[in-house]
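> Let me give you the structure first, and then I'll get to my questions.
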Amino acid sequence: MKSIEDIAAELEGYDPQALNTGTANRFLSRLVTPVTEQESVDIFQALGRVMACDVISPISVPAHDNSAMDGYAFAGAQLASDRPLVLKVIGTVLAGQAWSGKVKNGECVKIMTGAMLPPQLDTVVPQELVTVRPPHDRPISARAETITIAPGLLQTGDNRRLLGEDLQRGKTALQQGELLTPAALGLIASLGIEKVPVLRRLRVAYFSTGDEILSLGEAPREGAVYDSNRYSVFGLLTRLGCEVIDLGVVPDEPTRLQAAFTSAAQQADAIITSGGVSVGAADYTKAMMQQLGEVVFWKIAMRPGRPMAVGRIGTSVLFGLPGNPVAVMVTFLAFVRPALLQMMGRRTCAQPLLKAHSVEAIRKKPGRTEYQRASVSTAPDGSLQVKITGNQGSGVLSSMVLANGLIVLQHQQGNVAAGDEVDVMMFEGVI
Ligand code: AMP
Ligand code: MG
């Protein structure tokens, strides 16, 4: 395990008193390590979990060549560019059935989507593209059906799904570290696998600090505010698929803080606190972090946010977030989330940013990264547009609630004019 000093020494331009967001993320990616313990879970329990190892395909999917359309299967070598092809329909293959007879040249079989192609047949003409004789309104017994395919419509191999075109037996179907999305569940099921090897869930303990912070259920008192951070952090962690350990509100008393940090470090892979890390903080939180662990206090060139403590208490990674409710969420999204994804064993931890046109001008000073709560929508011309959702004070949660993402104004960026493209970090993936 690398010490904080080792990590600091590796990073060019590392200055804890004026840290840019990129360096903060690089620091954290060196501080954390992925969990390794695995468990086997039923596929219905696997959604949102992370693959513990590669899945090697035990079968090929599809397991046989089959039809991609409802139509007629035949040997494509008979197609000619200068004349229509007339074929006699000698039977029907439904999905799930095998055709055992032979289909000679001049013949075809009616075939349904997904049905196995009879041996030697390699081409399917969709039923909409043929002329059937006699017409369908005649009684079945009176029919000796033929189809006619006009020239130039098809090539050999059209509308055929090849054996193994999705997954090939013996090849990697899903990689270690992959998130089990709805699509991944379906893919695993398509291989006939019921039990999925996943990494264990990450355990994250969190508590709020501050004498002025009221727990829900307590009577309001002058100068006090209800704890909102714990609930936002709970939501953020739950969405990530972490096991959460809620340690409540901890008042600014050394013994209570010590007990909370110690309990958190014993149970959790990561500890998230809010409050008590700002410069003027007249409380014991910082002192206790320093006493119990290996912790560094950052001033990050960002808004909202800025103060943050990171390090380790025992083997748990500590994220000491600022107190202001929006600063908590922004520092979580910017730094804690990617670090936790890495700890969860995820292959990809960086969130792609979208580009959208800012509806309005935004004032911005170069030299810090700014995150603005905003709503992304589709403009009348079909492009993405983004609009700030209101008061950007770091304690104002109502503008966060209205937002579906954050405009990320990069470190060196200056003022934005109306219509300029800006980077946007969306809050949610779609699936
Ligand atoms: P601090 O970082 O402790 O100086 O707190 C900064 C601001 O955030 C203060 O106005 C605190 O009252 C507020 N704050 C701190 N913790 C919480 C919390 N858990 N819920 C709501 N507001 C908080
Ligand atoms: Mg405080």
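> Given a cut-off of under 8 Å on Cα pairs at least six residues apart, what relative contact order in percent is computed for the stretch 354-426?
Once divided by the residue count of the stretch 354-426, the mean separation gives 48 percent.
> What nm value, rounded to one decimal, do you get for the distance between TYR231 and LEU402 when each label is placed 7 Å out toward the C-beta?
The modelled label-to-label distance comes out at 2.0 nm.
> So what is the diffusion coefficient of the stretch 66-161 in µm² per second by Stokes-Einstein at 4 °C and 1.567 mPa s, using a Kirkwood Rh over Cα pairs?
98
> Suppose we look only past 16 Å in the calculated P(r) of the stretch 194-289. What percent of the Cα-Cα pairs does that tail hold?
Every Cα pair in the stretch 194-289 considered, those over 16 Å come to 59 percent.
> Of all trypsin sites (Lys or Arg not before Pro) in the stretch 1-59, which ones are in loop regions per DSSP and have a Cβ with at most 13 other Cβ atoms within 10 Å?
LYS2
> For GLN127 paired with ILE59, estimate the spin-label separation in nm (one decimal), with each label point 7 Å from Cα along the Cα-to-Cβ line.
Roughly 2.7 nm, to one decimal.
> Further question on the same structure: Count neighbours as other Cβ atoms within 10 Å of each site's Cβ, and list the GluC sites (Glu not before Pro) in the stretch 369-431 that are DSSP loop with at most 10 such neighbours.
GLU428
> Kindly state, to the nearest 0.05, the FRET efficiency for GLN267 paired with ARG30, given R0 = 22 Å and r defined as their beta-carbon distance.
0.35
> Let me ask another. When you have a sec, figure out the Kirkwood radius of the chain from all distinct Cα pair distances and drop it here in Å to one decimal?
For the chain, inverting the mean 1/r across all distinct Cα pairs yields 26.1 Å.
> From the residues THR131, VAL35, GLY367, which one has its Cα farthest along the dipole of the chain in the positive direction, the dipole being from +1 and -1 charges on Cβ of Lys/Arg and Asp/Glu about the Cα centre?
With unit charges placed on the Cβ atoms, the residue in question is THR131.
> Could you list the residues of the stretch 392-428 with an amide nitrogen less than 12 Å from a label point located 7 Å from the Cα of GLU360 in the Cα-to-C-beta direction?
392, 418
> Let me ask something else. Whole number please: convex hull volume per residue of the Cα set in the stretch 354-426, in Å³?
78
> Semi-axes, largest first, in whole Å: what does sqrt of 5 times each Cα gyration tensor eigenvalue give for the stretch 173-219?
Ellipsoid half-lengths, sorted descending, are 42, 12, 9 Å.
> Would you list which lysines come within 28 Å of LYS387, measuring only between C-alpha atoms, while excluding same-chain residues fewer than 8 positions from it?
The reachable lysines, counting only those whose Cα sits under 28 Å from LYS387, are LYS355, LYS364, LYS365.
> With contacts defined as alpha carbon pairs under 8 Å and 6 or more residues apart, what's the relative contact order of the chain in percent?
Value for the chain: 16 percent.
> What's the magnitude of the charge dipole for the chain around its Cα centre, counting Lys and Arg as +1 and Asp and Glu as -1 at the beta-carbon? Answer in Debye, nearest 20.
720
Readers should treat all values here as calculations from the given coordinates under stated rules, not as data from a laboratory. Keep in mind that this is a model prediction, so the values were computed, not measured. Because the Cβ atoms are built from the backbone with ideal geometry, glycine has one as well, and the counts that use them run over all protein chains shown.
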